[in-house]
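Undergrad: Pasting a structure below so you can have a look.
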Amino acid sequence: MNYLMRTKWWKWLTMALLVYVVIGGFLFPVPRLPILNETIRVLHFHVPMWFGMLFLFVASVVHAIKYLSSGKIENDIMSNQLAIVGTLFGILGMLTGMFWATFTWGEPWSSDPKQNASAIGLLIYFAYFILRGSIQDEQQKAKVSAVYNIFAFAALVPLLFILPRLTDSLHPGNGGNPGFNAYDLDSNLRKVFYTAVIGWTLLGFWIATIKIRYKLLLEKIDD
Amino acid sequence: MLKQLQWLILKDLRIDWRTKYPAAGILLYITSLIITSYLAFTGFIERETWNALFWLILLFISINAVAKSFAQEDDRSAYYFYLIKPSRIIVAKLIYYGVYQLLLISVALSVFSLFLGFPVATSGPFFLNLIIGSIGLSSAFTMVSSISSKTNNNAVMMAILGFPVIIPILILSINNSQILVLGGSLADISTNLITLLSVNVIIIALSFILFPFTWKS
């Protein structure tokens, strides 16, 4: 995070990647699959949100651990802001997914295990924000919320990766549904998708650095 | 080390013995919860519903029983803050509340089967799964209780913080339990059971590592 705060080159990279993703995502030819049809383009906007969310949450946990070992308040600010942006990405992923599901599965919420798991995952982070709000003392707030952050992340991992395997998911690629990988589509889709994952994730970190900078300035004014 | 653990566990036992009302309150809570669900579900309860209802009742018993584990330490904590290592405190709490909850669950199970029957097809593995699941519930809630005791609104925070964290354990054990209720064997749930065990181990290990930080704050 410190490195990202200091350097600039990756912001140019983000912009370039996202321009490519938006143009490529909407205009490049896509393979025709039953049911999916043109909605397959959501691959470039919905799936990267979850990747971005996970990377942001991992970064948040890393800073929570750093805070517990060093006790520097900057790490707590970083951890908190990364979690906020991660949750934002999660909500966006949820909305894009529900929007897509309306057209493919027929309804926004079909009790798909991945949908349920990610809803619960978001609940965990909402609880984290409420926990932060309910403690007055700065030091104690930072410490307790760092502990909960790590603890909750450990619960999130089995939720997202193990439980959806217990029952079949409606998601493409699961439970015999036509998948993006199964057909191995054309390399165009794949190229745009990987770019999208990197691009949106970097955008998330960019937003986080701005928020962190703002909070650090507020902290300075307070002192 | 062992002596301190023993002392801590005995201390909790003595507190519960002297102020009898929390334990008695939980017992009454169990009975009224089960009678309410009996009145609501009587006549049309399927095996799957039986299972889901049973685990939901366990969840509420667990959250209410364990919620007090650290809330009751408020005025005492300063006293042995300097005397005992935090890692020993959490181990003692985990053991005490693990056993405490197992006792409550056996009471709940007997009252529950008295009213709503006991339609379990494979009972041996059912109890194994029950014990593992309930240890997971009690240890996760013990850790959450230590976090929520630091906030102003203990009871609500306990539920908000606890429920999302507990869901992996709960889903896995409900899933296993349903297979067993419907007549599956131990082999059908062995992979799930191993996952459940490893989630338990992760939660207990994390409580052990993280507890000292909440305790000192």
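Computed from the coordinates by the stated procedures, all read-outs in this text should not be read as laboratory data. Owing to the predicted nature of the structure, the values given are computational and were not obtained by experimental measurement. Cβ placement follows ideal geometry from the backbone for every residue including glycine, while neighbour counts extend to all protein chains displayed.
Undergrad: Within a 10 angstrom radius of each residue's Cβ in B:190-202, how many Cβ atoms of other chains show up on average? Whole number is fine.
TA: For this peptide, the per-residue mean of nearby foreign Cβ atoms is 2.
Undergrad: If you take every residue apart from A:L4 with its C-beta less than 12 Å away from the C-beta of A:L4, what net charge results, scoring Lys and Arg +1 and Asp and Glu -1?
TA: +4
Undergrad: Whole-Hz Karplus ³J(HN,Hα) for the range A:62-77, in order, using 6.51 cos²θ - 1.76 cosθ + 1.60 and θ = phi - 60°, x for Gly and Pro?
TA: Once rounded to whole Hz, the list reads 4, 6, 5, 5, 4, 4, 5, 7, 10, x, 7, 5, 4, 5, 5, 4.
Undergrad: Might you report the magnitude of the Cβ-based charge dipole of chain A about its Cα centre, with Lys and Arg at +1 and Asp and Glu at -1, to the nearest 20 debye?
TA: I would put it at about 520 debye.
Undergrad: Taking every residue in B:144-155, how many Cβ atoms of other protein chains lie within 10 Å of its Cβ, on average?
TA: Mean inter-chain Cβ contacts per residue within 10 Å come to 4.
Undergrad: Right, next: Would you mind calculating the relative contact order of chain A from Cα pairs under 8 angstrom and at least 6 residues apart, reporting the percent as a whole number?
TA: About 35 percent, as a whole number.
Undergrad: Between helix A:138-161 and chain A, what is the angle of the helix's C-alpha long axis to the longest principal axis, kept within 0 to 90° and rounded to the nearest 10?
TA: It is inclined by approximately 20 degrees.
Undergrad: Do any of A:K8/B:K150; A:K66/B:K150; A:K211/B:K85 go past 32 Å between their Cα atoms, and which?
TA: Cα-Cα > 32 Å for A:K8/B:K150; A:K211/B:K85; rest within.
Undergrad: Let me know the charge dipole size of the range B:2-216 about its Cα centre in debye, to the nearest 20, where only the beta-carbon of Lys, Arg (+1) and Asp, Glu (-1) is charged.
TA: 820 debye
Undergrad: Could you tell me the center-to-center distance, by alpha carbons, between the range A:119-164 and the range A:46-74 in angstrom?
TA: 11 Å
Undergrad: Give a residue-ordered list of calculated ³J(HN,Hα) values for the range B:190-202 (Karplus: 6.51 cos²θ - 1.76 cosθ + 1.60, θ = phi - 60°; whole Hz; x for Gly, Pro).
TA: Values, residue by residue: 4, 5, 4, 5, 5, 4, 4, 4, 6, 4, 4, 4, 4 Hz.
Undergrad: Under a point-charge model restricted to the Cβ atoms of Lys and Arg (+1) and Asp and Glu (-1), what is the dipole moment magnitude of the protein assembly as shown relative to its Cα centre, in debye to the nearest 20?
TA: It comes to approximately 1200 debye.
Undergrad: Tell me, what ³J(HN,Hα) does each residue in the range B:34-49 have, in order and in whole Hz, if you take phi through Karplus 6.51 cos²θ - 1.76 cosθ + 1.60 with θ = phi - 60° and put x for Gly and Pro?
TA: Karplus values, whole Hz, x for Gly and Pro: 6, 5, 4, 5, 4, 5, 6, 9, 4, x, 10, 7, 8, 5, 5, 5.
Undergrad: As a check on your grasp of the helix formula, calculate [θ] at 222 nm for chain B: sum -39500 (n - 2.57) over DSSP H runs of n ≥ 4, divide by the residue count, round to the nearest 500.
TA: -29000 deg cm²/dmol
Undergrad: With just the Cα atoms defining each centre, how far is the range B:118-186 from the range B:7-30? Give it in Å.
TA: Between the Cα centre of the range B:118-186 and that of the range B:7-30, the gap is 21 Å.
Undergrad: OK, next. List the lysines whose alpha-carbon lies under 17 Å from that of B:K20, not counting same-chain residues fewer than 8 positions away?
TA: B:K11, B:K68
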